[in-house]
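Written out below as C-alpha cells is the structure these notes cover.
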Amino acid sequence: ALMVKAGKEVVYVNADVSGSDTKAYYGHAKIHNYTVLFPSMAAGGSMTMVVEHLKALAQTKTDLSGFVWIFDTLKKMTDVIQKKQLKELLDLLRRLTAMGATVVCLGHCNKYRGKDGELIFEGTGDLEADVDELIFLESGYSDDFDGNKVISTYPKKVRSDMQPISFLADDDEHRTCTQIPVFIDIKLDNQLRHKEEETRNENEMFIKAVREILGSGEIVQNKLVNSILSLPNKVFGKNKTILKLTELGGIEWSITQEPLKNNQKIFKALTQVGTHPYKSR
C-alpha cells in the first residue's frame, strides 16, 4: 500500500496462502489499488506457469520501470537448495530488473537459529551472493508498545541506503502493519526465548521430574536435590543436578535465597514460563 502511494505499480503474487485467507488479501488489494494474484488457486494455474510468463516477458523490450513485483514465496518458484535451478531463476529476475522492475522475493527461515543466535535463511549461499539485498524479519511483542506485536527488519546484505525499520502489526482481518517512527530491536528477546526453548527441549525429562516434586510449593535446594536423586529414573548425578537446577532458574522455576535460613536457595515453579510477559499470546 505504501509503494502504491509512492506511485509504483505493485503486483503481489501469493502462492503461499490458504483458501480462507484469499478474501482478506484480495480486499486489501482492492482498497489500496494494487494487484494480487493467487496462481495456485486458479484452474490449471501454478507458480511454475508464472515463471514461464516471466521468461517470455524477459525476451521482449518492455519498459518495466515503476513496476514492483512481490513473489511469495521464493521456494514456490524454484528449488532453493538446487544451485543450478536457483541460479537460472535469479538470472531471470536480474534480467527483469535490468528492464526497470523491482523484484521482491519472500522466503522462509529455518526452524532453528545458528549457534550465534542469528536466523538462517532457507537456501544455499548462492542466494545471498546473487541478490542485491537480503533482509531478515524478526517478530515479537514489545513492552514499548503495550505488548503489541512488532515486526522489525534486520538487513544482512545491502547495496542501497537502507536502515532498519519497525512496524506495528494489528490483529485486524487485513493484518495491517503501520511503520513506527523508531526502530525497535526485538532480536535479543527472540534469541533469549529461542535459547530457553532449546534448553527446555534438551532437559524435558529433568524439568518434568523437578516440577512434579516442586508442585505449587517451595523447597530448599538440599531437600530438592535429595528428592531428585532418590527418583528411580534419575537423570543426573548430584553435581550435574545442581548445575541444571541453576541453569533452568528463571526459565522453569524461581531461585531465591532466604537470609533467615542460612542463605539457603529456595526453589519455586514458575506458573508462566519464559522471559517475555506476552509470550503466552
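The values are calculated or read from the model by the stated rules, or taken from the named source; none is laboratory data. From a predicted model like this one, the values you see are computed outputs, not experimental measurements. Reconstructed Cβ throughout: ideal geometry from the backbone, glycine too, with neighbour counts over all protein chains shown. Surface accessibility is based on the protein's heavy atoms, side chains included, excluding ligands, DNA and RNA. Shrake-Rupley method; radii C 1.70, N 1.55, O 1.52, S 1.80 Å.
Report the FRET efficiency, 1/(1 + (r/R0)^6), for ARG211 and GLU247, where r is their Cβ-Cβ distance and R0 is 22 Å, rounded to 0.05. Efficiency at R0 = 22 Å is approximately 0.90.
Measure off 7 Å from each Cα along the Cα-to-Cβ vector at GLU88 and THR60, then give the distance between these two points in nanometres to one decimal. The modelled label-to-label distance comes out at 2.3 nm. Using C-alpha pairs below 8 Å separated by at least 6 residues, the relative contact order for region 223-274 is 25 percent. Angle, helix 47-58 long axis vs. longest principal axis of the chain, Cα atoms, 0 to 90°, nearest 10? It works out to around 40 degrees. Compute the long axis of helix 83-98 from its Cα atoms, compare it with the longest principal axis of the Cα atoms of the chain, and write down the angle in degrees, 0 to 90, nearest 10. Computed tilt is about 50 degrees. Of the trypsin sites (Lys or Arg not before Pro) found in region 28-85, the ones in coil according to DSSP and having at most 14 other Cβ atoms within 10 Å of their Cβ are LYS61.
The heavy atoms of MET41 present about 100 square angstrom of accessible area, all protein chains included, probe 1.4 Å. Between 0 and 90 degrees, the angle of helix 187-202 with respect to the longest Cα principal axis of the chain falls at about 60 degrees. Of the trypsin sites (Lys or Arg not before Pro) in region 153-228, the ones in a loop by DSSP (not H, G, I, E or B) with at most 13 other beta carbons within 10 Å are ARG159, ARG175. Once both labels are positioned 7 Å from their Cα atoms along Cα-to-Cβ, the gap between MET3 and ARG200 label points is 3.7 nm.
When the charge dipole of the chain is built from unit charges on Cβ atoms (+1 for Lys and Arg, -1 for Asp and Glu) and taken about the Cα centre, the candidate among ASN14, GLN85, THR97 whose Cα reaches farthest toward its positive end is GLN85. In the context of the full set of protein chains, the chain has a per residue accessible area of 61 Å² (1.4 Å probe). Under the simplified labelling scheme, the MET162-LEU231 pair shows an inter-label distance of 4.7 nm, with each label point 7 Å from Cα along Cα→Cβ.
From the list [x] 0.95; [y] 1.35; [z] 1.02, can you say which value of Cα Rg over 2.2 N^0.38 Å was derived from the structure given? Answer label, from the structure shown: [y]. Per-residue ellipticity at 222 nm from helix content only, as computed over the chain with -39500 (n - 2.57) for each DSSP H run of at least four residues, stands at -10000 deg cm²/dmol. Restricting the calculation to alpha carbons of region 174-274 gives Rg and Dmax of 17.7, 58 angstrom. Taken over the alpha carbons of region 1-160 as equal point scatterers, the Debye sum produces base-10 log I(q)/I(0) values at 0.08, 0.17, 0.18, 0.19 Å⁻¹ of -0.27, -1.25, -1.38, -1.49. Basic side chains Lys and Arg get +1 at the Cβ, acidic Asp and Glu get -1 at the Cβ, and with that the dipole of region 3-150 about its Cα centre reaches some 540 debye.
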